[in-house]
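Worksheet: the structure to be examined is printed underneath.
The values are calculated or read from the model by the stated rules, or taken from the named source; none is laboratory data. All figures in this text were calculated on a predicted structure; none of them were measured in a lab. When we count neighbours, we look across all protein chains shown, and the Cβ atoms used for this are built from the backbone with ideal geometry, even at glycine.
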Amino acid sequence: MTDLSTLQQSAYRIRRYALRMGEVQGQGYIGQALGWADVLAVAYKHAMTYRPEDPGWEGRDRFLLSHGHYAIALYAALIEAQIIPEEELETYGSDDSRLPMSGMATYTPGMEMSGGSLGQGLPIAVGIALALRLKKNPAFVYNSMSDGELDEGSTWEAAMGAAHHRLSNVICLIDINNQQADGPSGKIMGFEPLADKWAAFGWHVQRVDGNDLKAVIAAFDVARALKEDRPRVILFDTLMGSGVPFLETRDKNHFIRVDPPEWQQAIAHVDSTQTAGAMQ
C-alpha cells in the first residue's frame with residue numbers, strides 16, 4: 001500500500017517533468033498533462049504491476065494511451081516509474097528522440113500502442129484482454145482515454161464487446177475535462193448522463209474528482225478488487241492545468257498557450273508547494 005504523501009510527491013514530479021518537457025519544445029498538451037497527473041501517479045506508483053527494467057515483461061499490467069496527444073503526460077509518468085531515464089526528457093519532440101510529440105509504441109519503452117487517431121484504445125484493450133485471458137495471464141489492461149473519444153462509435157462498440165465477453169481485466173480511465181479540438185466536449189456531442197450510459201452497457205462505473213488523490217486511490221482500489229465478472233470504468237472529472245493557478249484559470253481550449261517565461265513560472269509554483277524530499 002502506497003501512502004498518500006508518497007503519491008502526492010509522485011504527482012508533483014509528474015507535473016514537473018511534463019512542464020520541463022514543454023519548456024524544451026515551447027509547446028505540448030500541458031493543460032491535459034497537469035490535469036491527468038494525479039491519475040497517472042496512482043496508476044504507476046500504486047495500482048499497476050510492472051518491472052521498470054523490463055518494460056516488455058509478460059506479467060505486466062498494460063497501460064494504453066488512447067489519447068495519443070497526452071504523450072507528454074505519459075512520458076512524465078514513465079520517467080517517474082523509472083522506465084525512461086530522466087535525462088531523456090531534454091530530447092522531447094526532437095529528431096530521433098524516443099519521446100515524440102504523439103505516442104509511438106515502436107520505439108518508446110512502456111508505450112503499449114501508437115496513439116493519435118482517437119477512439120482506438122478501447123478496441124485494442126478489448127483484444128489484449130481477450131488474449132491475456134486465453135493465456136491465463138492475470139494482468140489488467142488499463143485504457144486511458146479522453147471525453148472527446150466518447151464521440152467515436154468504435155468506443156461504444158468496444159464497450160459492448162467488453163461487457164459481452166465479461167472482461168473483468170479491463171479498467172477504462174476517462175478524463176472528463178470537457179475540452180476537445182472543436183470546443184467544450186459537452187457542447188460538441190452531449191454525453192451525459194455518462195455514468196448511466198456505461199452502466200447500461202454492462203460496466204461497473206465509478207465517478208470521482210480526478211484531482212483528489214484520496215478519491216482516485218479509492219477508485220483504483222475498488223476497480224482492481226471488484227469480484228464481479230464485468231469490465232470497470234472510472235470517470236474522472238479533472239481541471240486542465242491543475243496545480244498551476246494561472247493555467248487553471250486561463251481561458252480553456254484544447255491547446256493551452258504558454259508563453260516562454262511562463263514555463264519557469266509554472267515550475268517555480270509547483271516547486272513552492274512541495275517539501276524538499278519531494279523535489280529530490
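Overview of results
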quantity: Only listed residue being crowded, with 17+ Cβ neighbours inside 10 Å, touching a Pro at 6+ places or on another chain (Cβ under 9 Å) and either among the aliphatic types (A, V, I, L, M) or modelled with pLDDT under 95 (or both), chosen from 118, 132; calculated: 132
quantity: Test set (1) touching a Phe, Trp or Tyr at 6+ places or on another chain (Cβ under 8 Å); (2) assigned to a strand (DSSP E or B) - residue 266 fails condition number; calculated: (2)
quantity: Criterion violated by residue 59 - all others in (1) surrounded by fewer than 22 Cβ atoms within 10 Å (Cβ to Cβ); (2) without any contact (Cβ under 8 Å) to a residue 60 or more places away in the chain; (3) out of contact with any Asp or Glu (no Cβ under 8 Å at 6 or more places or on another chain) satisfied; calculated: (2)
quantity: Residues located in the stretch 201-232, provided they are under 17 Å from residue 40 (Cα atoms), of a type in the set (A, V, I, L, M) and touching a Lys or Arg at 6+ places or on another chain (Cβ under 9 Å); calculated: 219, 222, 223
quantity: Flag for residue 220 being out of contact with any strand residue (DSSP E or B) (no Cβ under 7 Å at 6 or more places or on another chain), among the aromatic types (Phe, Trp, Tyr) and closer than 27 Å to residue 128 by Cβ; calculated: yes
quantity: Among residues of the stretch 101-159, those that are closer than 22 Å to residue 71 by Cα, without any contact (Cβ under 8 Å) to a residue 40 or more places away in the chain and among the aliphatic types (A, V, I, L, M), counted; calculated: 2
quantity: Looking only at the stretch 62-111, and only at residues there that are under 26 Å from residue 127 (Cα atoms), among the aromatic types (Phe, Trp, Tyr) and crowded, with 21+ Cβ neighbours inside 10 Å, the one that is modelled with the lowest pLDDT; calculated: 70
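For every residue, the table says whether it meets (1) acidic (Asp, Glu); (2) in contact (Cβ under 8 Å) with a residue 12 or more places away in the chain; (3) in contact with a Lys or Arg (Cβ under 7 Å, 6 or more places away or on another chain).
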site	(1), (2), (3)
11	no, yes, no
20	no, yes, no
23	yes, yes, no
28	no, yes, no
34	no, yes, yes
45	no, yes, no
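Conditions tested, residue by residue: (1) buried (at least 19 other Cβ atoms within 10 Å of the Cβ); (2) touching a Gly at 6+ places or on another chain (Cβ under 6 Å); (3) not acidic (Asp, Glu).
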site	(1), (2), (3)
168	yes, no, yes
178	yes, yes, yes
193	no, no, yes
208	yes, no, yes
224	no, no, yes
233	yes, no, yes
238	yes, yes, yes
